[in-house]
Amino acid sequence: AYTVDVTGDERYTLYIKDIEADTLLSEEIYPVNDVEWANDNKTIFYVTPSEDNLKSKRAYRRVLGTEAANDELLYIEQDDAFYVWFGRTRSDDYIVLGTNSRTTSDVRYLDADDPAGEFILFKPRQQDIKYYMTNNDSVLYIRTNELAPNYKLMTAYSSDPSTWRTFIPHSDSVYIDGYDVFENYVVVYEQHNSMIKPHIFVLDENTDYYMTFPEDVYAFYSRWTPDFDTDTLYFSYSSMTTPSSVYSYNMKTKERKLLKRYEVIGGFEPDEYESKQIFAPSYDGTKIPISIVYKKDLFKKDGTNPVYLTAYGAYGSSRNAGFSRIRICLLDRGFVYAIAHVRGGREKGEQWYQDGKLLNKKNTFLDFIACAEYLIKNKYTCPEKLAAFGASAGGMLMGVVANWRPDLFEVIVADVPSMDKLTVLLDSTASGVKYHYDELGNPYIQKQFEYLLSWDTYQNIRKQDYPNMMLTAGYHDSRVRYWQPLRWTAKVRDMKTDDNILILKTNMAGHYGGSGRYTQYEDIAERYAFIIRMLGIE
């Protein structure tokens, strides 16, 4: 079973292929956002989105060969703040039907060998409590934030799922980012000072240890390891100077093997580049990490380097300090590439996220401004050589800093930016809008409305000089409607007092750009070319 989206609006058509016959079945279902198989090889579970939004709301059961009209509606989510999804537990024993909002979740589960059975609610929904369950035979493993902002890991027996026992207790300094379960191992991905450290538990020996890495600043990603009964863990590793590499790791012998290192066309010598993490004090004294990389022989700490400063800072999403082949063309032109790990992400745990949302949202913007000021003050660059970039919620960040501190930047690029969020949030009847109330604020609560109004990108456009800017939009974007950057661009053009360039480019695509292998590279090349030209780089 596979799904295809031909417009970019993230509403997919489900196709089913008979592998042995090498033919497509006649049955197609549209729109579909999620699909999962039962163990009988003929029952599928799928989710459909609401009519006016990509949020998944209805869960169905289908038996191949029957009329689609007879598909059984298993669950419908009435709360617009929640979406619905399907999954499987690690040992393939259960089908999982889950619901999530920004702050709350619950799961139902069904024996995957009994696809016609009834889903069982694992634990009733409780406001501000999130949890996820998977299993290793009769033992259930539950990651939850109940009385544990940075999450804890619990266990229960399938025969007594309501009795939970602590496997890993909550820590104020370590965030449990995720976990994986094997027949003889549990791997917990712990975040220590923004770096993932895999914590491996050997179940049959009742021992545990941490994996180690050669660099202090790096990016770790667990790769999907399909086998449940295995000693091998697959993962990806990179740093800002180490190309992306795929490893296999024997959890019993602790032996790691490099399987593939992605080629850098034209050659790449890591020793010619340097990366490190520096810290910028924000307005309240909080030290904001900045991951930077540059080419050694082109770097001068005299304020003349061009700097590409980027951040996201929302929805608890962390920005890693990994490798980018595309980025080298900037470094080889003398750029310092800098990632600001501002509050609103989870680089330093749950509190880092909480300190950048709702009535703390201004911390995200002030942190980014503090990072720009720090780079200028400490002679990494100057305002005439400083470029800023953000996408989606990071593009919203670009809109705020353009309004508040246009003097700090020569050029700002915002990709599919959420530039008119207050208008969006005020339309509470639109599907999916309430999902963002727990992140950015509910405008029907006076205090939150006034706070939103004080920083909203559109409402705070001023009669002033703005930097050179380029914005993009996606006509079929269902996450950030194209009219958001359009309205912002129109009003800034009307209000700004300078002759700087302001470009708006609308693609006939969705939130993540157009299709095709090379489209993303063409889009990035265009962005880089604009920045290079605006900064006057040879």
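The values are calculated or read from the model by the stated rules, or taken from the named source; none is laboratory data. What you are looking at is a predicted structure, and each value in this text was computed from that prediction instead of being measured. Here the Cβ is made from the backbone with ideal geometry for all residues, glycine too, and neighbour counts use every protein chain on show. The accessibility values were calculated without ligands, DNA or RNA, using every heavy atom of the protein model including side chains. Shrake-Rupley method; radii C 1.70, N 1.55, O 1.52, S 1.80 Å.
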Three-way shape call for the range 112-221 based on the alpha-carbon gyration tensor, with the a/c threshold at 1.5: prolate
Between 0 and 90°, nearest 10: helix 519-535 axis offset from the chain longest Cα axis: 20
Pair-distance profile P(r), taking every C-alpha pair of the range 286-325, with 5 angstrom steps and integer %: 5, 14, 23, 24, 17, 11, 5, 1
Probe 1.4 Å, accessible area per residue of the range 39-153, Å²: 42
Debye intensity ratio in log₁₀ form over the Cα atoms of the range 64-150, taken at each q of 0.17, 0.23 Å⁻¹: -0.78, -1.21
Too-long pairs where the Cα-Cα distance tops 23 Å, listed order kept, from Lys301/Lys385; Lys152/Lys421; Lys197/Lys260: Lys152/Lys421
Per-q log10 I(q)/I(0), the range 283-368, q = 0.11, 0.18, 0.20 Å⁻¹ (Debye; single scatterer per alpha-carbon; no solvent): -0.35, -0.78, -0.88
Whole-angstrom Cα spans of the range 341-440 along principal axes, big to small: 48, 28, 18
Isotropically averaged projected area of the chain, using the convex hull of Cα atoms (one quarter of hull area), nm²: 26.1
Per DSSP, loop GluC sites (Glu not before Pro) in the range 35-101 with at most 11 further Cβ within 10 Å: Glu51, Glu67
Kirkwood Rh and Cα Rg combined as Rg/Rh, the range 1-69: 0.97
Charge dipole magnitude, Cβ of K and R +1, D and E -1 - the range 128-188, Cα centre, debye nearest 20: 100
Cα shape, the range 1-123, gyration tensor, a/c 1.5 rule: oblate
Solvent-free Debye scattering, log10 I(q)/I(0), computed from the Cα coordinates of the range 442-507 at q = 0.27 Å⁻¹: -1.10
Alpha-carbon centroids, the range 515-538 and the range 319-362: separation in whole Å: 20
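So for Cys382, Cys371, what's the accessible-area order with a 1.4 Å probe, most first?
On the way: Cys382 35, Cys371 0 Å².
Result of the area sort, largest leading: Cys382, Cys371.
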Cα-based shape type of the range 392-475, given that a ≥ b ≥ c are square roots of the gyration tensor eigenvalues and the cut on a/c is 1.5: oblate
